[in-house]
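Contents: one structure, followed by commentary.
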Amino acid sequence: MSEVSPEQRLWELMHGAFATRALGIVADLRIADALAGGPRPVTELAGETGTSADSLQRILRALASDGVFAELSPGVFRNTEASELLRVAATRDFAHLYGGAWHRAAGELDAGMGTVAFERAFGTGFWSWLAAHPEERASFDRAMVDGLERRVERLAALEWRGDETVVDVGGGNGSLLVALLARRPGLRGIVFDLPETVRDESSLGDGIEFVAGSFFESVPAGDVYVLSTVLHNWPDEQAAAILHTIRAAAPEHGRLLVIDAVMPAGNEPDGRHWFALLGLSLFGSHERDEAQWLALFDGTGFEPLQLRDGLIEARCR
């Protein structure tokens, strides 16, 4: 395979905004689901979705040129392995978010020192906006299930006493604790998140309860605290405040498990560099390397024991 030319590389990046938006559109229209039974003409798809056949065909052709959908004959499309992924709930919700609100926020991104891009685009912060838009909050919570198995496997593989109370701080709909307790049934779980979090408490089971609140104010008492992809959503000052709140509730034997990226040095191809721009656009936050994680923990009452990419273990000082 020949190496991509500098010109092609730049052009691919420049049209990336259209690709993101196009994926969001077809995800919202459930086009991949509509093609689950086999190839169909775009006129049928447009009729079912109430869209323009001409516009939808252009969108599908553009995506097909990069392997998402395929055009078998003029105006007749089928799924590909890539478009089939849009039938997975978490992937579809990510496409919705990237192609919708996040796409709009990215349009306000600059290199200045002013307000956060999302706040300029929507007139409010991301979390306040989610609270005011329950359907978007539900989409966000479903998207956060992506990668659940990897996160649970990391947690389940650790040493456990077996009867600890695990508090998932910012735990969303509770899917992480449900999966963890399935592997470690002696544990007890508390899902702690904002009251507007979309959830089905009946699915949590007898060993897990939901507690509503703000992790800037207080968190429930427990033995082990989990922060799963939470701290990278906050600038250092607020991230440190979250750690202080947890430390105030944690016993001396307590431990903290942070599921988050530890960014490597260098500029090798890595999607997390683009994810860092998303954090900058939505929250004014950033992904952290090892030195930045150590600096964040300093003075919070937690001592990092291991900093591995994907899982940071810390204990109370």
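Computed from the coordinates by the stated procedures, all read-outs in this text should not be read as laboratory data. What you see is a predicted model, and the numbers here were worked out from it, not measured in a lab. Glycine gets a Cβ as well: all are built from the backbone with ideal geometry, and neighbour counts include every protein chain shown.
For the stretch 147-316, what is the convex hull volume of its Cα atoms per residue in Å³?
On the way: hull volume 19.3 nm³, N = 170.
Enclosed volume per residue, from the Cα hull, is 113 Å³.
Go ahead and estimate [θ] at 222 nm for the chain from helices alone: -39,500 (n - 2.57) per DSSP H run with n ≥ 4, summed, over the residue count, rounded to 500.
On the way: 16 runs with 143 residues, N = 317.
Mean residue ellipticity at 222 nm (helix-derived): -12500 deg cm²/dmol.
Which FRET efficiency value, to the nearest 0.05, do you get for residue 153 and residue 265 by plugging their Cβ-Cβ distance into 1/(1 + (r/R0)^6) with R0 = 25 Å?
On the way: r = 26 Å, r/R0 = 1.05.
Calculated value: 0.40.
When ranked by the protection proxy of mean other Cβ atoms within 10 Å per residue, highest first, what sequence do the peptides 6-19, 169-182 form? Walk me through the numbers before you get to the answer.
On the way: 6-19: 11.3, 169-182: 22.6.
Sorting 6-19, 169-182 by mean packing, highest first, produces 169-182, 6-19.
With labels modelled as points extended 7 Å from the Cα through the Cβ direction, what inter-label distance (nm, one decimal) is found for residue 78 paired with residue 183?
If labels sit at residue 78 and residue 183, their model points lie 3.8 nm apart.
Which ³J(HN,Hα) values, rounded to whole Hz and listed in residue order, are derived for the stretch 222-233 from phi using the Karplus coefficients 6.51, -1.76 and 1.60 in 6.51 cos²θ - 1.76 cosθ + 1.60 with θ = phi - 60°, glycine and proline given as x?
For the stretch 222-233, the Karplus-derived couplings read x, 9, 10, 10, 10, 10, 9, 6, 10, 5, 6, 8 Hz, x marking Gly and Pro.
Can you list residues whose amide H is under 5 Å from residue 189's amide H, if they're 5+ apart or on another chain and H is modeled 1.01 Å from N?
The answer is 166, 208, 209.
What are the ³J(HN,Hα) couplings of the stretch 260-276, residue after residue, when phi is run through the Karplus curve with 6.51, -1.76, 1.60 and θ = phi - 60°? Round to Hz, x for glycine and proline.
6, 7, 10, 5, x, 6, x, 10, 5, x, 7, x, 5, 5, 6, 4, 5
Size of the dipole of the stretch 142-188 about the Cα centre, Lys and Arg at +1 and Asp and Glu at -1 on the beta carbon, nothing else charged, in debye to 20? Write out the running numbers ahead of the final one.
Details: 8 positive and 7 negative charges, 12 e Å.
The calculated dipole for the stretch 142-188 is roughly 60 debye.
Just rank 153, 81, fewest to most, by other beta-carbon atoms within 10 angstrom. Please list the in-between numbers first.
Values: 153 12, 81 8.
Ordered from fewest to most neighbouring Cβ atoms within 10 Å, 153, 81 come out as 81, 153.
Would you pull out the residues with amide H under 5 Å of residue 302's amide H, same chain only if 5 or more places away, H placed 1.01 Å from N?
317
Rounding to the nearest 20 debye, state how big the charge dipole of the stretch 101-142 is about its Cα centre with +1 on each Lys and Arg Cβ and -1 on each Asp and Glu Cβ. Provide the component values of the computation, followed by the final result.
Values: 4 positive and 6 negative charges, 8 e Å.
The dipole magnitude comes to about 40 debye.
Report D for the chain in µm² per second (integer): Stokes-Einstein, Kirkwood Rh on Cα pairs, 4 °C, 1.567 mPa s. Could the numbers behind the result be given before it?
Details: Rh = 21.5 Å.
My calculation gives 60 µm²/s for D.
So how far, in whole Å, is the C-alpha centre of the stretch 110-149 from the one of the stretch 266-317?
20
Assign unit charges at the C-beta atoms only (+1 for Lys and Arg, -1 for Asp and Glu), then state the dipole size of the chain relative to its Cα centre in Debye, rounded to the nearest 20. Please report the intermediate quantities before stating the final value.
Details: 28 positive and 47 negative charges, 67 e Å.
So the magnitude is around 320 debye.
Pop out the ³J(HN,Hα) list for the stretch 171-179 in order, Karplus 6.51 cos²θ - 1.76 cosθ + 1.60 with θ = phi - 60°, rounded to Hz; leave Gly and Pro as x.
x, x, 8, x, 4, 5, 5, 4, 5
Among 31, 216, 172, which residue has its Cα furthest toward the positive end of the charge dipole of the chain, with +1 on Lys/Arg Cβ and -1 on Asp/Glu Cβ?
Looking along the dipole axis, the top candidate is 31.
Once amide H atoms are placed 1.01 Å from N in the peptide plane, what residues at a sequence separation of 5 or more from residue 226, or on another chain, have their amide H within under 5 Å of its amide H?
For residue 226, the qualifying residues are 167, 168, 169, 257.
Along the charge dipole of the chain, pointing to its positive end and built from +1/-1 on Cβ of Lys, Arg, Asp and Glu, which listed residue (264, 243, 204) has its Cα farthest out?
Among 264, 243, 204, the one farthest towards the positive end of the dipole of the chain is 204.
What's the center-to-center distance, using Cα atoms, between the stretch 169-244 and the stretch 245-259 in Å?
One Cα centre to the other: 12 Å.
Computed over the Cα atoms, what is the radius of gyration of the stretch 13-57 divided by 2.2 N^0.38 Å, N being its residue count? Walk me through the intermediate numbers first.
Numbers: Rg = 11.4 Å, N = 45, 2.2 N^0.38 = 9.3 Å.
Here the Cα radius of gyration is 1.22 times the empirical estimate.
With unit charges on the beta carbons (Lys and Arg positive, Asp and Glu negative) and the dipole taken about the Cα centre of the chain, which residue among 295, 112, 8 sits farthest to the positive side?
8
Provide the gained length on full extension for the span residue 289 to residue 135, in nm with one decimal, where the gain is 0.36 nm per separating residue minus the Cα-Cα distance. If you can, show how the numbers build up before the last one.
Details: separation 154, 0.36 × 154 = 55.44 nm, distance 3.37 nm.
In short, 52.1 nm is gained.
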